[in-house]
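> Below you will find the structure I want to go over with you.
Every number here is computed from the coordinates shown, using simple stated rules; none is lab data. For clarity, every value in this text was computed on a predicted model and none was experimentally measured. Cβ placement follows ideal geometry from the backbone for every residue including glycine, while neighbour counts extend to all protein chains displayed.
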Amino acid sequence: MNNNKEKHNEANRKYRRTHKDKIKEYEKNNKERIRKIKKKWSDKNKEYYKNYRENNKNKAKEYSKKYRNNNQDRLNKLKKEYRNNNKDKIRIYEKKHYKEHPELARKRDRKRRAIKEKIIETFSDKEWLQKLKNTFGVCPRCNKYVGMAYLTLDHIYPVSLAYKDYLKTGIKEIYTIDDVQPLCRSCNSKKYNTIEGTHVSPKNLKDKFDGVW
C-alpha cells in the first residue's frame, strides 16, 4: 500500500515538473474551482494541518513569511475587500476584543496618536510594563496608591508642544522610555501641557528649556 502511494506521489511530482506551463494555465483559468477544492480538503483534514504545523513550526513560519512577501499586494487587496464587506462584524469583534484586552486598546490608541501628532515612540511594551511595576501602583506625582491598572502614560515633554515643534522644524520628537512616566488620570489631566518629570525629556529639551530642572 505504501509503495503504491509513493509511486503515485512520484508520478505526480514528475508530471508537475514536466508540465509546468500547462498546470499554470489550468490554475489561472480555474482559480475559483481550485479554491473550493482546497477549502473542502482542508476542512476535512483539519487535524492533519494542525499536526503538520505543530511538527513543522519553523518550516511553516518560513513559508508564511515568504508567501506574504511575494503576495503583499494581493493580500492587502483581499484584506481591504474583507473589511469593506464585513464592517459590522469587524466592529463588534474589535469592541469585544479590546474590552477583554484593555492594554491592547491603549497600545492601539497610542499608535494612532503618535501618527496623528507626528511623534516617534521607541520604547517597547515590556519596558513600559516594567516602569509601571516599579511604581507598585503609586502615582509619582501625588504619591497616592491607585493601582497599576489606573496609571496612564504621560509624555514628560508634552505631545502638544512636540507637534508645534514639528510644524516649525519638520522634525519629529523621539520619546524613549526615559521620556515618559506613569501618572494617575487626575495628575495627567492637571499636568496638561506643562513640563514635569524626573527624566530628561526628548531631544534638544535642555537647549529649549535650560534651567527648568
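> Name the single residue that is surrounded by the most Cβ atoms within 10 Å (Cβ to Cβ) among those in the range 141-150 being out of contact with any Cys (no Cβ under 7 Å at 6 or more places or on another chain) and not in a loop (DSSP other than H, G, I, E, B).
So, considering only residues that are out of contact with any Cys (no Cβ under 7 Å at 6 or more places or on another chain) and not in a loop (DSSP other than H, G, I, E, B), the one surrounded by the most Cβ atoms within 10 Å (Cβ to Cβ) is M148.
> From the list K61, K79, K46, which residue is loosely packed, with under 10 Cβ neighbours inside 10 Å and closer than 28 Å to I23 by Cα?
K46
> Would you kindly identify the helices (runs of 4 or more DSSP H) lying entirely within the range 1-88 that contain at least 1 residues that are touching a residue at least 40 places away in the same chain (Cβ under 8 Å)?
Output list is empty.
> For the range 151-192, name all the residues that are within 16 Å of R110 (Cα to Cα) and part of a helix (DSSP H, G or I).
V159, S160, A162, Y163, I177, D179, R185, N188
> Just give me the residues in the range 100-140 being over 17 Å from N188 (Cβ atoms), surrounded by 15 or more Cβ atoms within 10 Å (Cβ to Cβ) and more than 15 Å from the chain's Cα centre (by Cα), in sequence order.
K118
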